[in-house]
Every structure is written in structure tokens, then in C-alpha cells.
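A short worksheet on the structure shown next.
The values are calculated or read from the model by the stated rules, or taken from the named source; none is laboratory data. Note that the structure is predicted; figures quoted are calculated from it, not measured. All Cβ positions, glycine included, derive from the backbone under ideal geometry; neighbour counts span all protein chains shown.
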Amino acid sequence: MASTGKRVLTLARNVSFSIPLQSQQPHYPLIFRGFFSTDPSISITNPLLLKLLQEPTSSVKSVLDSQENGFLCSSRLSLNDLVTSLISSSKPKKAQLVLEWKLEKMSKRNESDPDLYINLIRLCGKLRDSFLAMRVFTVMEFQGVKPTVTAFNSLIEACISSHNMITAFGIFEVMKNSKNFKPNTDTFYYFISEFSKLRDVNSMQAWYSAKKAFEFSPDLRTYEALIHGSVKSKCFDFAVKCFEEMMLSDIVPNAIILENMLEGLCKRKNFDEVKKFLNVVLDNGWEINWNVVEKFIPVWFESGELEGMKEILTKINKSNSATDDIQS
């Protein structure tokens, strides 16, 4: 079998991109979620974690090789927890060594489960190490494991988290030009979400257009990213357009979308639009937190619009009070 991993790396570095993106730069802010967990199994009382934190970096693999820690060879959950905890504890080098140790074990036993490789690639993303992620992908291919769209998407996600956008774009091109690994809705979401957080509206819209060109319908998370990026970039018209598209598609907005829309409309200081929007929220029975609404009251007060907002604010307050009574 030809080396897909090598082809991916080569093509990712040399491809020319057809989607017009102004942000093809090597350094980007981190877009991944935080690495903290409330799971008690990864607390500082975990004996293996404690030992790895106390031992020098050079001893990490020997600690893992000890018999009592053999469960890590087969337990994906335990591996994820351990790596996440080491990252949270500001020990990225030790987390990297744990992942390298796991990859070596998988390679020695000729591991053929693609999900285990995909999980390692995702952990490389948490570590922001796209080079190790590519190494995992290459080992997977060497073991005769056929890559999947999910594997490619995980690789893209790892590159994005590692600020390696050029390679992420290249992997997308490899997928687009392949027969068996065509981009799916998740592929486009990763790019849309990234540019949303970068407040790069032009690139965000370009990827949204590309998603529609591939005949993928936007879903709730896509609209959330689009509206968030538009509001934070003060592109309020596009946010309104996306919200209206949601309504036509019968997609119910979540609390984050409602908060972003309220923020955008208030920043435009078109209070007729604000009242209309809040009435739509109430008429549809959607919940919008009173604490969110309350923080915009000073804006309405300063603009002399608070008196005209009293009726709708009273309705929202009552609605929240009724919800609290039901929950209690």
C-alpha cells in the first residue's frame, strides 16, 4: 500500500488553495476548549498521575512500563484522563511522552483498530502537537489500517489546535481531491468555528459558502459559530441573515445564539429590532436568561429607550420567574 500518511504530509505542504482565505498564516490563537475536567479519576489523587508529576521527564516511559500500569495499554478512557491531567498540570512534555509510549505499544502489537489511532490524534490536538498527530496517522497507515474521513478530520482538528493552518488547508485539499475521503459536514465546521473565534468574517463566510457548495445543510453548531463570529466582528447584518435562515429551517436556537443575537441588536441600537426579537423569543417559548437581558439595561437607559422596553422586560422577568418556580 502506498503511504497515505506521506502523501498527506507532502500534499498538505505544497497544495494551492482554491478557497479564498486571507488568513493563511502559520500562527493562530488556540481554538480548542479548555483541558480541565471534573472527573474524579483524573484528580491529583490519581497515583499514576502523582508519580508521573513527581518523576523526572526522562523516567516517564519506564514508569508507564511498570506492571501495575499495564492497564493503560488497553484502557482508552484512562489514557485520555491521564493525558488531559498532565496538560492541565502544565506538563506538556510528559503528556507527549505518554502519547509516544502508547503509539509505540500499539505499533508493536500491530494494532488494527482505527478508533484507537483516531483517539491518539485527537489527544495530539489537545497537546497542540500536529507533528505527533501526523506521526500517528503515518503509523496507522503503515499498520495497514485504512484511513477514514474521521481520521482526516481529527488530523485537521489537531493542526488547527497547533496553529498549523497551512497544513490543515492542505489536508482539506487532499480530502477534496480524493475518491474515498471526501470532506463531510464536520470538516467544514472545524474551519468555520476557527475563523469565527478569530473574528475573520471573510474566511468564515468563504468556508460557509464552500459547505453549502458541497450540499451540506448548516446545523445548530454551524449557526452558533457563524452568529458568534459575526456579532463579535460587528457584522450584524450577516448575523441577522443567519438567524433568519435558522428560522426558515425550523432549527431552534440555543441560549448562546439568543445571547449573541441580543448583544448584536443592542450594539446596533435599533431598539425596535430588539423588541421584535425579544417578542419572537417569548412567542416561541424559548428561554433567555434574565441575567443576560439585565446586562443590556444600562444601554437602553443611556439611549432613553428603557421606558419603551418596560413591557417586554416585565414579560421576560415573569417568564424566568415561572421557570425557576417549576425547577424548584
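Scanning the range 208-230 for residues that are of a type in the set (A, V, I, L, M) and in contact with a helix residue (DSSP H, G or I) (Cβ under 7 Å, 6 or more places away or on another chain) returns Ala210, Ala225, Leu226, Ile227. Restricting attention to the range 116-133, does a residue exist that is under 20 Å from Tyr208 (Cα atoms), among the hydrophobic types (A, V, I, L, M, F, W, C) and surrounded by fewer than 20 Cβ atoms within 10 Å (Cβ to Cβ)? Looking through the range 116-133, none of the residues is under 20 Å from Tyr208 (Cα atoms), among the hydrophobic types (A, V, I, L, M, F, W, C) and surrounded by fewer than 20 Cβ atoms within 10 Å (Cβ to Cβ). Only one entry in Ser90, Ser85 is outside any helix (DSSP H, G or I), of a type in the set (Ser, Thr, Tyr) and modelled with pLDDT under 95, namely Ser90.
The set of residues in the range 93-144 being of a type in the set (Gly, Ala, Ser) and in contact with a Ser or Thr (Cβ under 9 Å, 6 or more places away or on another chain) consists of Ala95, Gly125, Ser130, Ala133, Gly144. Restricting Glu157, Glu173, Glu141 to those that are touching a residue at least 12 places away in the same chain (Cβ under 8 Å) and surrounded by 22 or more Cβ atoms within 10 Å (Cβ to Cβ) reduces the list to Glu157.
Filtered by the rule that a residue be surrounded by fewer than 17 Cβ atoms within 10 Å (Cβ to Cβ) and without any contact (Cβ under 8 Å) to a residue 24 or more places away in the chain, the range 179-234 gives Lys179, Asn180, Ser209, Lys212, Ala213, Glu215.
Taken together, the criteria place Asn260 among residues that are modelled with pLDDT of 85 or more and touching a His at 6+ places or on another chain (Cβ under 8 Å).
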